[in-house]
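First the structure, in the form of structure tokens, and then the observations on it.
The values are calculated or read from the model by the stated rules, or taken from the named source; none is laboratory data. Values in this document were obtained by computation on a predicted structure and should not be read as measured data. Note: ideal-geometry Cβ built from the backbone for every residue, glycine included; neighbour counts use all protein chains shown. Quick note on the areas: whole protein, heavy atoms, side chains included, nothing else; ligands and nucleic acids left out. Shrake-Rupley method; radii C 1.70, N 1.55, O 1.52, S 1.80 Å.
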Amino acid sequence: MTDFQLFLQHSMRISEGIAALASILFYKKIKDSHYRYFSLFLIVIFSCEIFGKYGGAYISYSKNAFYNYFVIPFEFIFLYWLYAYQSLNRKKLFWIFTVGFLLSYIPNELFFLKNKQIFSFNYTLGSLLLMFLVIMEYYKQINSDNILNFTKNRMFYINLGVTLFYIGTLPFWTFYFQLLEHKNLWDLYFNYFLISGIIMYLLFASSFVWGKQNYS
């Protein structure tokens, strides 16, 4: 990686910490809502990133397996729960998407390489399912009676962040190895991946600062 990309990667880790810290500082605002689990989610993700960065110095483990079999499934399943089960009140949809995502590991185990940094097949399917929920959330917000007060809606910040990062980087992980054949294009998209990650976690932090309980 270039020095700029290393700087962005470090900044993304800091932004994850900022989001986790904001969720703790504003915990009183969310302790009686399901967003308290969002706070826990951010703390776990930040802890995983710190472990992924420094854990190898203390124990021997496969970083690829750690991210592909724990961190990424945890991220997608939690977001399915936050969107479908909580915000959209589509509980059956949450279970359908969760089972569908987990079942995608079967063809991945049978037909795809296991030494990838991220399993493209799983990530692509996970992002496509999440994109469907993101669109539904935008539709809900646009048709809300509180549309003019969108800045007070926590899901506005969360949805925008998820759009920029998970949906925006879907082609990058789907065509990862194809893009590697065009290094300049790969570097450009990798920079976007890191920058959008930084913005997403700062938006997550903003959801605690400016989001209001009655607009959750």
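Within the bounds of region 96-115, is there any residue that is crowded, with 18+ Cβ neighbours inside 10 Å and under 29 Å from ASP32 (Cα atoms)? Yes; the residues of region 96-115 include at least one that is crowded, with 18+ Cβ neighbours inside 10 Å and under 29 Å from ASP32 (Cα atoms).
Could you please let me know if VAL162 is among the hydrophobic types (A, V, I, L, M, F, W, C), buried (at least 19 other Cβ atoms within 10 Å of the Cβ) and in contact (Cβ under 8 Å) with a residue 60 or more places away in the chain? Judged against the criteria, VAL162 is a match. Remark: pairs (first residue in region 5-17, buried (at least 18 other Cβ atoms within 10 Å of the Cβ); second residue part of a helix (DSSP H, G or I) and among the hydroxyl-bearing types (Ser, Thr, Tyr); Cβ separation under 8 Å; 6+ apart in sequence or on different chains) = MET12/TYR201; SER15/TYR201; GLU16/TYR201.
Could you tell me whether any residue of region 74-89 is hydrophobic (A, V, I, L, M, F, W, C), at pLDDT below 95 and under 20 Å from the mean Cα position of the chain (by Cα)? No; the residues of region 74-89 include none that is hydrophobic (A, V, I, L, M, F, W, C), at pLDDT below 95 and under 20 Å from the mean Cα position of the chain (by Cα).
Taken as a whole, region 199-216 holds no residue that is part of a helix (DSSP H, G or I) and more than 22 Å from ILE30 (Cβ to Cβ). Within the option set LEU202, LEU180, being open to solvent by 50 Å² or more (accessible area, probe 1.4 Å), of a type outside the set (Val, Ile, Thr) and touching a Phe, Trp or Tyr at 6+ places or on another chain (Cβ under 6 Å) holds for one residue only, LEU180. The sole residue among ASP187, ASP145 that is of a type in the set (D, E, K, R), surrounded by fewer than 17 Cβ atoms within 10 Å (Cβ to Cβ) and in a helix (DSSP H, G or I) is ASP187.
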